[in-house]
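All remarks here apply to the structure that follows.
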Amino acid sequence: MQAFTLLDGLVAPLDRSNVDTDAIIPKQFLKSIKRSGFGPNCFDEWRYLDHGEPGMDCSQRPKNPDFVLNQPRYAGAEILLVRANFGCGSSREHAPWALLDMGFKAILGESYADIFFNNCFKNGILPIVLPKAELDELFAQVDAAPGYKLVIDLAAQTVTRPDGKAIPFPIDPFRKECLLNGWDDIGLTLRHADEISAFEAKRRVEQPWLFA
Amino acid sequence: MAQTLYDKLWNSHVVHQEADGTAILYIDRHLVHEVTSPQAFEGLKLAGRKPWRISSIVATADHNTPTEGWDAARGTATIADPISRQQVETLDANIKAVGALAYFPFMNERQGIVHVIGPENGATLPGMTVVCGDSHTSTHGAFAALSFGIGTSEVEHVLATQTLLMKKSKSMLITVEGTLGAGVTAKDIVLAIIGKIGTAGGTGYAIEFAGSAIRGLTMEGRMTVCNMAIEAGARAGMVAADDTTCAYLKDRMLSPKAADWDAAVAYWKTLHSDEGAQFDRVVELRAEDIQPQVTWGTSPEMVVAVTGRVPDPAAESDATRRSGMERALQYMGLTANTPISEIPVDVVFIGSCTNSRIEDLRAAAAVAKGRRKADSVKRVLVVPGSGLVKRQAEAEGLDKIFQAAGFEWREPGCSMCLAMNADRLEPGERCASTSNRNFEGRQGPNGRTHLVSPAMAAAAAVTGHFTDVRQFS
């Protein structure tokens with residue numbers, strides 16, 4: 001996993017609540033057995049005017065001019081500004097894979113669905129929770145200033161606006177450490193392999209029917 | 001100290017805990033399907049790792065599989081879409097290479113939706129941790145198990161370590177006391193709960209459902225309620241174990257046998273919240289207040305009683321919520337204040353991990369019996385949750401009732417709940433669906449989904465519009 005330390009990135013706004021993972025990556029693209037290549041189909045039903053299917057050349061498809069992320073000013077954005085309950089619904093990790101493949105490395109929102117939130121960390125995406133009042137200001141500033149960028153400093157746990165205001169954000173210490181170092185969860189857990197084996201052996205005696 | 005059911009399940013699976021509360025949690029049962037597992041198996045292989053405990057794995061193909069035209073002689077060649085076929089064949093190859101306690105491949109007599117086949121084969125037991133790369137894994141909490149959906153990286157983590165890294169959630173108790181009215185079902189209970197607390201109401205919580213109306217439900221009904229805990233934002237939903245739980249599990253294929261059974265039942269009887277246990281949040285509903293529910297929008301929280309009307313965004317004071325309602329009405333092609341019972345439907349879908357079990361099919365058949373699909377309804381799909389459910393329904397003659405009513409009787413699978421296979425809505429079609437998500441495009445691009453119970457779906461099928469099923473009894 002790529003480490004996340006400091007990000008100085010262009011911001012794109014998606015001003016709606018309850019954006020579900022079906023919207024982030026529609027089901028027809030889940031038939032892939034790969035982890036990559038989902039970016040061109042991220043937000044497919046909102047982003048294009050035609051119906052997308054796997055294998056289509058997305059550069060040739062008609063784009064929806066009313067979809068905010070299609071505006072040229074947001075091309076190359078790395079930070080996605082969202083509202084409440086982002087990533088609800090299906091557990092599909094294809095959603096963070098698609099966002100990452102589209103270029104997003106961090107998300108700023110009021111709240112996230114639990115499984116999506118977790119899946120982001122497994123892929124080096126930083127989902128940041130901010131109070132609604134801060135988000136309201138950020139939405140207004142992004143709208144008013146083309147080329148609007150934010151600096152995210154994970155070690156310091158701050159999001160810094162162009163006007164210098166630094167907004168603090170919370171994060172679990174363990175998750176922070178993993179992201180800062182780009183650690184692989186499985187490798188970390190396997191350091192405790194002996195404890196897992198001992199736990200399992202005890203369980204096998206106490207509840208043998210679980211191991212039939 | 002008095003413990004909640006969630007405390008008991010959590011504490012009994014903690015292998016190790018970090019200073020910040022992050023725990024290594026042992027996983028007893030790993031359910032696997034074709035869509036969210038290929039990248040995990042590949043990751044395992046690339047890292048040169050072996051699965052930790054093969055006997056924890058129970059696998060099936062369900063999301064991509066067709067629900068008609070099965071031909072055993074042709075095997076997976078029956079699947080017309082080549083990339084769907086590749087995914088199903090990849091699961092076959094991975095399970096062949098790795099192994100499993102049980103595998104129900106495409107067209108196997110026990111194949112079906114992963115959340116139907118787990119319990120019906122006794123692969124889900126009280127006191128277990130149960131995970132699957134699918135958000136509706138919350139279903140299995142009906143058996144007093146700690147069960148939740150995970151992403152593909154976590155599928156790989158469980159394969160490699162038999163554990164997950166996670167922090168304990170907050171606890172929520174939702175009680176439904178009283179007696180449900182005739183025609184009101186588990187689906188209506190859970191839709192009413194989501195309507196009350198919202199789709200993010202359970203975010204960060206594990207929910208225990210309790211109260212006399214929950215205890216009075218069959219295991220099928222409890223599964224329907226826990227299934228949609230995720231639609232209220234909670235990764236896990238659960239119900240205490242009792243005689244209903246044990247009676248359901250007795251003599252299932254993978255259930256404990258002989259002396260193990262007695263020991264297991266003695267343990268299972270301890271799986272309830274203790275008297276006086278503290279919850280972080282408590283929500284109370286009265287069963288008598290719950291009416292048959294119909295969703296009107298593009299989020300499960302956008303729900304009203306069948307006797308109600310489409311709400312008016314103008315009455316909503318919060319700007320973000322108001323614009324969400326306006327966008328939902330536009331997408332759904334609905335006008336504010338329209339009576340729900342005046343909304344016509346084009347398609348009816350009876351199936352999914354929420355409502356495709358035998359009791360659901362019986363409820364739909366009771367309404368369909370002696371009636372015909374309305375001429376204005378283009379098609380009605382009845383998709384049993386598994387091969388075993390299908391055979392049971394056929395033994396009871398339900399297939400004949402459905403066919404006589406002009407409904408299509410299909411092979412088991414996820415089908416039009418998420419429309420990964422060929423079963424999907426055409427743009428603009430309006431569907432009364434017993435599934436769990438009414439998101440934009442969920443059942444097909446620009447399709448319009450209204451979530452209802454199986455009896456309400458059958459009632460819409462025979463009248464051509466949403467109809468209070470209580471009129472039929």
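A short reminder: the numbers here are calculations on the coordinates, not readings from a lab. Just so you know, these numbers come straight off a predicted model, no measurement behind them. Cβ coordinates were reconstructed from backbone atoms using ideal geometry, including for glycine residues, and neighbour counts include every protein chain displayed.
Trypsin sites (Lys or Arg not before Pro) within region A:155-194: which are DSSP loop residues with at most 12 other Cβ atoms inside 10 Å?
Working: sites: A:Lys165, A:Arg175, A:Lys176, A:Arg191; in loops: A:Lys165, A:Arg191.
Filter output for region A:155-194: A:Lys165, A:Arg191.
Which percent, to the nearest 5, of DSSP beta bridges fully inside the protein assembly as shown are antiparallel? Intermediate values should be presented prior to the final figure.
On the way: 25 of 78 bridges.
Antiparallel bridges: around 30 percent, rounded to the nearest 5.
For region A:1-85, the percent of C-alpha pairs falling in each 10 Å distance bin, counted from 0 to the bin holding the largest distance, reads 15, 43, 36, 6. Karplus-derived 3J(HN,Hα) values for region B:327-343, using 6.51 cos²θ - 1.76 cosθ + 1.60 with θ = phi - 60°, are 5, 5, 5, 5, 4, 7, x, 10, 10, 4, 6, 5, x, 4, 6, 9, 8 Hz; glycine and proline are entered as x. Computed over the alpha-carbon pairs of region B:74-230, the distance histogram in 10 Å steps reads 9, 33, 31, 19, 7, 0 percent, short to long. Cross-link partners for B:Lys269 among the aspartates and glutamates, with Cα-Cα distance under 17 Å and sequence neighbours closer than 8 places in the same chain left out: A:Glu206, B:Asp7, B:Glu208, B:Asp242, B:Asp243, B:Asp260. Placing a pseudo-label 7 Å from each Cα along the Cα-to-Cβ vector at A:Val205 and A:Ala140 gives an inter-label distance of 6.5 nm. Across the options B:Leu329, B:Ala305, B:Ser317, the greatest Cα extent toward the positive end of the charge dipole of region B:286-338 (unit charges at beta carbon of Lys, Arg, Asp, Glu) belongs to B:Leu329. Seen from B:Pro311, the other residues with C-beta closer than 14 Å to its C-beta sum to a net charge of -1, counting Lys and Arg as +1 and Asp and Glu as -1. Taking every pair of distinct Cα atoms and averaging 1/r, then inverting, what Kirkwood hydrodynamic radius in Å comes out for region B:428-470? Final number for the Kirkwood radius of region B:428-470 is 10.5 Å.
Cut-off is 10 Å between beta-carbons; in what order do B:His140, B:His13 appear when sorted fewest neighbours first? Write down the numbers at each step before the final one.
Working: B:His140 33, B:His13 21.
The fewest-first ordering by Cβ neighbours comes to B:His13, B:His140.
Measuring nothing but how far apart in sequence close Cα pairs (under 8 Å, 6+ apart) lie, relative to its length, region B:35-154 scores a relative contact order of 26 percent.
With helices as the sole contributors, the protein assembly as shown gives -9000 deg cm²/dmol at 222 nm; each DSSP H run of n ≥ 4 counts as -39500 (n - 2.57), and the sum is divided by every residue.
Calculate the dipole size of region B:36-174 relative to its Cα centre from +1 charges on Lys and Arg beta carbons and -1 charges on Asp and Glu beta carbons; express the result in debye to the nearest 20.
Details: 11 positive and 12 negative charges, 138 e Å.
Here region B:36-174 has a charge dipole of around 660 debye.
With both residues required to sit in chain B, DSSP beta bridges show an antiparallel share near 25%.
Listed by Cβ neighbour count within 10 Å, with the fewest neighbours leading, B:Glu89, A:Glu137 appear as A:Glu137, B:Glu89.
Applying the criteria of a DSSP loop state and at most 11 other Cβ atoms within 10 Å to the trypsin sites (Lys or Arg not before Pro) of region A:1-50 yields A:Lys34.
The overall shape of region A:120-212, judged from the alpha-carbon gyration tensor, is prolate: a/c is not under 1.5, and a/b is greater than b/c. Dipole check for region A:1-156: with +1 at the C-beta of Lys and Arg, -1 at the C-beta of Asp and Glu, and the Cα centre as origin, the magnitude is about 420 Debye. From zero outward in steps of 5 Å, how is the percent of C-alpha pairs of chain A spread across the bins? P(r) over chain A, rounded to whole percents: 1, 7, 13, 17, 17, 15, 10, 7, 5, 3, 2, 1, 0. Share of pairwise Cα-Cα distances greater than 34 Å in chain B is 31 percent (whole percent). With the convex hull drawn over the C-alpha atoms of region B:227-270, the volume per residue is 94 Å³. Amide H contacts for A:Lys63 (H built 1.01 Å from N in the peptide plane; partners 5 or more residues away or on another chain; cut-off under 5 Å): A:Leu49.
Compactness check for the protein assembly as shown: Cα Rg over 2.2 N^0.38 Å is 0.91. Amide H to amide H, with H built 1.01 Å from N, B:Gly237 comes under 5 Å of B:Gly141, B:Ser147, B:Ile207, counting only residues 5 or more places away or on other chains.
Per-residue Karplus couplings for region B:351-357, computed as 6.51 cos²θ - 1.76 cosθ + 1.60 with θ equal to phi - 60°, are listed in order as x, 5, 5, 7, 8, 10, 8 Hz, Gly and Pro entered as x. Per residue, the average separation of C-alpha pairs within less than 8 Å and at least 6 apart gives chain B a relative contact order of 17 percent. Quick one: grab the alpha carbon gyration tensor of region B:343-473, order the square roots of its eigenvalues as a ≥ b ≥ c, and give me rounded if a/c is under 1.5, else prolate or oblate depending on whether a/b is larger than b/c. It is oblate, given that a/c is not under 1.5 and a/b is not larger than b/c. Its relative contact order, with pairs defined as Cα atoms under 8 Å and 6+ residues apart, puts chain A at 26 percent.
With 28 Å as the limit, write out which pairs from A:Lys176/B:Lys196; A:Lys27/B:Lys187; A:Lys202/B:Lys390; A:Lys31/A:Lys202; B:Lys45/B:Lys170 have Cα-Cα distances beyond it, or answer none.
Working: A:Lys176/B:Lys196 35 Å; A:Lys27/B:Lys187 24 Å; A:Lys202/B:Lys390 40 Å; A:Lys31/A:Lys202 40 Å; B:Lys45/B:Lys170 36 Å.
Checking Cα-Cα distances, A:Lys176/B:Lys196; A:Lys202/B:Lys390; A:Lys31/A:Lys202; B:Lys45/B:Lys170 exceed 28 Å.
For region A:102-159, the alpha carbon convex hull comes to 102 Å³ per residue, rounded to a whole number.
Using Cβ contacts closer than 10 Å as the measure, can you line up B:Glu342, B:Glu156, B:Glu34 from fewest to most? Intermediate values should be presented prior to the final figure.
Working: B:Glu342 10, B:Glu156 26, B:Glu34 31.
Taking fewest neighbouring Cβ atoms as first place, the list is B:Glu342, B:Glu156, B:Glu34.
Using only Cα coordinates, the Kirkwood hydrodynamic radius of region B:259-337 works out to 16.6 Å. For B:His16, the residues whose modelled amide H falls within less than 5 Å of its own, excluding neighbours fewer than 5 places apart on the same chain, are B:Ile24. Backbone phi angles across region A:157-166, fed through the Karplus curve with coefficients 6.51, -1.76 and 1.60 (θ = phi - 60°), yield HN-Hα couplings of 6, 9, 10, 10, 7, x, 7, x, 5, 9 Hz in residue order; Gly and Pro are listed as x. Among residues other than B:Ser171 with Cβ under 11 Å from its Cβ, the summed charge is 0 (Lys and Arg +1, Asp and Glu -1).
Dipole size of region B:397-447 about its Cα centre, with +1 on Lys/Arg Cβ and -1 on Asp/Glu Cβ: approximately 120 debye, rounded to the nearest 20. Which of rounded, prolate, oblate describes region B:244-403, given a ≥ b ≥ c as roots of the alpha-carbon gyration tensor eigenvalues and a/c under 1.5 marking rounded, otherwise prolate only if a/b is larger than b/c? Because a/c hits 1.5 or more and a/b fails to exceed b/c, region B:244-403 counts as oblate.
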